[in-house]
Each structure stands twice: as structure tokens, then as C-alpha cells.
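Report on one structure; see the data block that follows.
The values are calculated or read from the model by the stated rules, or taken from the named source; none is laboratory data. Note that the structure is predicted; figures quoted are calculated from it, not measured. In this analysis, Cβ positions are derived from the backbone assuming ideal geometry, glycine residues included, and neighbour counts consider all displayed protein chains.
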Amino acid sequence: MGLVNEPPQAICSRTYVKDNKLFIRWDGIVFYAPQLLPGYCAILREAGDELNFCTYITPGGNAKNEDLAQLNDEIMKNHPYVSKSLGPTPNAEKMKHAPLRYGGIKKSYGHHLLIIGDAAGFIDPLTGEGIQYAMESGKIAAQVLIEGFKRGDVSEPFLKRFQKCWYKRWGNEFRWSLKISSMMFRYPILLDATANMIKKQPRLLSEWGEVMTGTKSKTW
């Protein structure tokens, strides 16, 4: 319908690891590998104690989307903390990947049409996370449609309120994420400074987590 004309900007990998006996203390750890900045990689605990190793490549740094498989393999084998966590011969399934459209598309509505979730680019440019935005955009869309059905109007002019509502909720968050992402790549010392602050004030770790998952504002 001509509303989405650009390819997804970012990409992420997923590699499941079974039978790991080393990564036992944590539910998840994020690693800011220099070659990925402003992207990152992470090890996350899944159901059945499987681990999920993810690599996120986002625009603005030296890594390109086509480098994903190489960087994913290289980091698993050679990154000092990742390789220590996964072991020298991890029981890893074949890597899979998916594109990420982020930042919100310019127009997410049309005549009898609303676009939600990943299709609408509701993915945070800083973190690659989008589950909460997908769920919330579905709720907002439902509320707009219920009102439209009551009025007997699901035309393009009426459905424009969906765009206004989601942008008010997290449009500026996406803009700040792009700015912070650029700063992280240009000044990686900011990550070291943040880590040192968290060492001195451990409570900041949970608040950093809230920022990264979208429950606390990026401007915080």
C-alpha cells in the first residue's frame, strides 16, 4: 500500500545453547563488545535452562548487517567474557536471524488500516527491544478501533489518532534512543563511566535496566 518503502535498518541473531554448566548465576547479561557498538550482544536464560546468545547490529557504527554471522561466531569464540560463559565448545544450534525496523514509520494508518508492532517499526533504536511496544500498540489500536466502530468511522482521517497517540507515548523515546546510540559509539568511555557508577551505587543497575526496557524515560 506504499506506506513502508524502506528496508529494515538493523538485524539481530538468535543462537540457542544447550547443556551449559558455566552460566549458572544469572538470568541474563549484556555485553557491549567494541566491534558492535552502538549494538551489543547478550546471553539470556530461556525455558528449560537453555541459553540464548543474541547479537544486535544497529546503524551508526562500523558493523554492517551483512557482518552478523561473522561477528556472532567471532564473539562467541573470542570475546573473553562471552567465551568464558559459554565454554570452548558450546552445544549451540545453528544461528538464525531477523531484521529489525526501528524508530517508528512515518505513517502507520490508512483507510481501514492500522499498522502495529514490528511492522510499524516499534523497536527501540538503542536496545533492539520491541515486545512492550508491540503489545502497547495493539492495545492502542484496539481502543481506537472500538471508538471508530461506535462512530461508524474507520476512515483514514479518524484513524490518524492512532499515530498521534503512539507518538505521544514513545515517539520522543525513540528520538532520544537514536541520540544516545550515537553518543555510545562516538564516546564509548560513557559506558565505562556508567559501569563505575553502578559499582559504587548498585541500585543504579536496576534503574539502568528500566531505561533499557522502556519502563523509565531515556531522558532519565
Can you name every residue in region 176-196 that is without any contact (Cβ under 8 Å) to a residue 12 or more places away in the chain and either surrounded by 13 or more Cβ atoms within 10 Å (Cβ to Cβ) or not hydroxyl-bearing (S, T, Y) (or both)?
K179, M183, R186, I189, L190, D192, A193, A195, N196
Does region 125-137 include one or more residues that are in contact with a helix residue (DSSP H, G or I) (Cβ under 9 Å, 6 or more places away or on another chain), assigned to a loop (DSSP other than H, G, I, E, B) and charged (D, E, K, R)?
yes
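Quick one: which of E156, E173 is in contact (Cβ under 8 Å) with a residue 40 or more places away in the chain, loosely packed, with under 14 Cβ neighbours inside 10 Å and either in the same structural domain as I116 (by TED's automatic domain parsing) or over 24 Å from D124 (Cα atoms) (or both)? Working first, answer last.
On the way: E173 fails: loosely packed, with under 14 Cβ neighbours inside 10 Å.
Just a single option satisfies the conditions, and that option is E156.
Does region 103-121 include one or more residues that are of a type outside the set (A, V, I, L, M), within 30 Å of L22 (Cα to Cα) and assigned by TED's automatic domain parsing to the domain that holds C165? Explain how you work it out, then say what you get.
We begin by selecting, within region 103-121, every residue of a type outside the set (A, V, I, L, M); these are 103-104, 106-112, 117-118, 121.
Adding the requirement that they be within 30 Å of L22 (Cα to Cα) leaves none.
Checked region 103-121: no residue is of a type outside the set (A, V, I, L, M), within 30 Å of L22 (Cα to Cα) and assigned by TED's automatic domain parsing to the domain that holds C165.
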Report those strands (runs of 3 or more DSSP E) wholly inside region 1-90 carrying at least 1 residues which are in contact with a His (Cβ under 7 Å, 6 or more places away or on another chain).
10-18, 28-31
Every pair of residues 6+ apart whose Cβ atoms lie under 6 Å, when the first sits in region 197-220 and is under 17 Å from I123 (Cα atoms) while the second is among the β-branched types (V, I, T) and surrounded by 15 or more Cβ atoms within 10 Å (Cβ to Cβ)
M212/T127
Scan region 125-135 for residues that are crowded, with 18+ Cβ neighbours inside 10 Å and farther than 16 Å from R101 by Cβ and report the count.
0
Could you list, in sequence order, all residues of region 2-27 that are among the aliphatic types (A, V, I, L, M) and either out of contact with any strand residue (DSSP E or B) (no Cβ under 9 Å at 6 or more places or on another chain) or more than 21 Å from T127 (Cβ to Cβ) (or both)?
L3, V4, V17, L22, I24
Verdict on A142 being out of contact with any His (no Cβ under 6 Å at 6 or more places or on another chain) and either loosely packed, with under 14 Cβ neighbours inside 10 Å or not aliphatic (A, V, I, L, M) (or both):
yes
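Only one residue in A193, A119, A141 is among the small types (G, A, S), part of a helix (DSSP H, G or I) and farther than 28 Å from G28 by Cα, so which one is that?
Working: A193 fails: farther than 28 Å from G28 by Cα; A119 fails: farther than 28 Å from G28 by Cα.
After applying the criteria, what remains is A141.
Taking only region 203-219 into account, find how many residues are basic (K, R) and surrounded by 13 or more Cβ atoms within 10 Å (Cβ to Cβ). So that I can check it myself, show each step before the final result.
To start, the set of residues in region 203-219 that are basic (K, R) comprises 203, 216, 218.
From what's left, surrounded by 13 or more Cβ atoms within 10 Å (Cβ to Cβ): 216, 218.
Number of matching residues: 2.
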Within region 15-27, can one find any residue that is surrounded by 17 or more Cβ atoms within 10 Å (Cβ to Cβ) and modelled with pLDDT under 95?
yes
